[in-house]
Amino acid sequence: MKTTFKGLTMAASALALSVGMAASASAQTTSLRIQTHFSPETLSGQMAAEFIEDITAMSNGEIQVEMFYGSSVVKSAETFDAAATGILDCDMTGGSYQTGKNPAFQFTGDLTGGYQNPYQQYAWLLHADGYNQLNALYNDYNMEFVGWWIPGPESLSSTAPFTGIDDLKNWKFRSPPGVITKIFQNLGASPIVMDFNEIFTALETGIIDGADAANLTNNVGLGLYDIANHTNYPGFHSMPADHLACRKDVWDAMPAHHQAILKVGMQALGLKNSTVNEVKNAQTAKDLRAKGVNLNTWSDEDLAIYRGAVQQAWTEFATTPEAKQLLQSHITFLKDLGAMK
């Protein structure tokens, strides 16, 4: 029987079509409901949207995300529980919101000045068994840590002069929960824990004098410098790592390639987020100075006082075995880097 080239081509096309249809039919879809505390207008909100575009493209549409911005479903600090209990699927806020469960969560996101830049902190995650250490904690709460994205050192905003340690006395400011409240209380300030989306109104009405919210660029996106005419730059006091964490059964049900896409997608988001914020903050600093906002650089002496208060607060805060273990891991790594004595 003679087989023509045309016949072979048609047969190959039919086979390819049938294989493609079979692959399409067997493709598993992962649908995720994720909440972030960032509004879509902020730089971080825009980066979260880009992350969704990336993982959708990399998965050929198999990963589908419904994103809730600005803590529109539950309050920021409640996002973790909402994901763990099935109201949401994933939490895209930060681990330090969960310090009430276990103080170890403080050391899953913000070392409050321990790391000098995002790249040192990513290095702990990638090269010091960070993923496994974090999931030893997260899994106990029915969650899986997937990745970090770190904008970089934050700047405090204030309606009063903010030139150094002396200005902290009786300074009322919005604080996230966790060790940061202990540090600033010890330095004479009055931290008030409140939700992320309540900051602007609290500043506007004078409930607070300032805020620990975000870096320069995201603070602009929140409108804080429309009210607060003082800030510090470069930032030093805090460099929180926002996380992506998903409910454990949702994570375990994903095919391995979806897990890999989410994990690598977060690593890409982390790099893009840290670098774009470095560029944007430099430009934002120029723009704010031109508008008359006072950007203060604290003295080495004041920074030394702050760092002393930080290390004391770390020790006071690490009251559980999990907290002590995570803190020691970070300290060991920082010493190995030469970033801490």
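Among the residues of region 97-117, is any modelled with pLDDT of 95 or more and out of contact with any helix residue (DSSP H, G or I) (no Cβ under 8 Å at 6 or more places or on another chain)?
So far as region 97-117 goes, no, none of its residues is modelled with pLDDT of 95 or more and out of contact with any helix residue (DSSP H, G or I) (no Cβ under 8 Å at 6 or more places or on another chain).
With the structure loaded, tell me whether THR108 is under 13 Å from the mean Cα position of the chain (by Cα), among the polar types (S, T, N, Q) and surrounded by 24 or more Cβ atoms within 10 Å (Cβ to Cβ) or whether it fails that test.
So THR108 fits the description; yes.
Failed condition for LEU137, given (1) within 30 Å of ASP226 (Cα to Cα); (2) surrounded by fewer than 24 Cβ atoms within 10 Å (Cβ to Cβ), with all others met?
The failed condition is (1).
If the requirement is being modelled with pLDDT of 50 or more and assigned to a helix (DSSP H, G or I), which of these qualifies: ALA16, ALA25, ALA49?
Working: ALA16 fails: modelled with pLDDT of 50 or more; ALA25 fails: modelled with pLDDT of 50 or more.
Just a single option satisfies the conditions, and that option is ALA49.
Which condition breaks for ILE208 when tested against (1) farther than 24 Å from MET47 by Cβ; (2) surrounded by fewer than 23 Cβ atoms within 10 Å (Cβ to Cβ); (3) assigned by TED's automatic domain parsing to the domain that holds ARG174; (4) among the hydrophobic types (A, V, I, L, M, F, W, C)?
Among (1) farther than 24 Å from MET47 by Cβ; (2) surrounded by fewer than 23 Cβ atoms within 10 Å (Cβ to Cβ); (3) assigned by TED's automatic domain parsing to the domain that holds ARG174; (4) among the hydrophobic types (A, V, I, L, M, F, W, C), the lone unmet condition for ILE208 is (2).
So in region 132-156, with the set limited to residues that are small (Gly, Ala, Ser) and closer than 26 Å to ASN277 by Cβ, which one is farthest from the chain's Cα centre (by Cα)? Working first, answer last.
Start the filter on region 132-156 by keeping residues that are small (Gly, Ala, Ser), which leaves 136, 147, 152, 155.
So of that shortlist, the ones also closer than 26 Å to ASN277 by Cβ come out as 147, 152, 155.
Working: GLY147: 9, GLY152: 10, SER155: 15 Å.
Residue satisfying both the conditions and the ranking: SER155.
All but one of (1) in contact with a helix residue (DSSP H, G or I) (Cβ under 6 Å, 6 or more places away or on another chain); (2) more than 25 Å from ALA309 (Cα to Cα); (3) of a type outside the set (D, E, K, R) hold for SER155, so report the exception by its number.
(2)
Which residues, taken from region 294-328, are in a loop (DSSP other than H, G, I, E, B) and either touching a strand residue (DSSP E or B) at 6+ places or on another chain (Cβ under 9 Å) or surrounded by fewer than 17 Cβ atoms within 10 Å (Cβ to Cβ) (or both)? I'd like the intermediate steps shown before the answer.
To start, the set of residues in region 294-328 that are in a loop (DSSP other than H, G, I, E, B) comprises 297-299, 318-320.
Within region 294-328, THR297, TRP298, SER299, THR319, THR320 meet the criteria.
Which one of the conditions (1) of a type in the set (Val, Ile, Thr); (2) exposed (fewer than 15 other Cβ atoms within 10 Å of the Cβ); (3) over 25 Å from ASP91 (Cα atoms) does THR275 fail to meet, given that it meets all the rest?
Evaluating THR275 over (1) of a type in the set (Val, Ile, Thr); (2) exposed (fewer than 15 other Cβ atoms within 10 Å of the Cβ); (3) over 25 Å from ASP91 (Cα atoms) leaves (3) as the failure.
Filtering region 182-221 down to residues that are without any contact (Cβ under 8 Å) to a residue 60 or more places away in the chain, in a helix (DSSP H, G or I) and of a type in the set (Val, Ile, Thr), which residue is nearest to SER274 (Cα to Cα)?
Of everything passing the filter in region 182-221, ILE199 is nearest to SER274 (Cα to Cα).
Quick one: count up the residues across region 282-293 that are outside any helix (DSSP H, G or I) and buried (at least 16 other Cβ atoms within 10 Å of the Cβ).
Residues of region 282-293 outside any helix (DSSP H, G or I): 291-293.
Filter once more, so that each one left must be buried (at least 16 other Cβ atoms within 10 Å of the Cβ): 293.
The qualifying residues number 1.
If a residue must be surrounded by fewer than 21 Cβ atoms within 10 Å (Cβ to Cβ), more than 21 Å from the chain's Cα centre (by Cα) and under 17 Å from VAL220 (Cα atoms), how many such residues does region 157-205 contain?
4
Looking at GLN267, GLN328 in this structure, which one is more than 20 Å from the chain's Cα centre (by Cα) and either in contact (Cβ under 8 Å) with a residue 40 or more places away in the chain or within 26 Å of ILE183 (Cα to Cα) (or both)? Break it down stepwise before answering.
Values: GLN267 fails: more than 20 Å from the chain's Cα centre (by Cα).
After applying the criteria, what remains is GLN328.
The values are calculated or read from the model by the stated rules, or taken from the named source; none is laboratory data. This structure is a prediction, so every number in the text was calculated from the model and none was measured. Backbone-built Cβ (ideal geometry, glycine too); neighbour counts: all protein chains shown.
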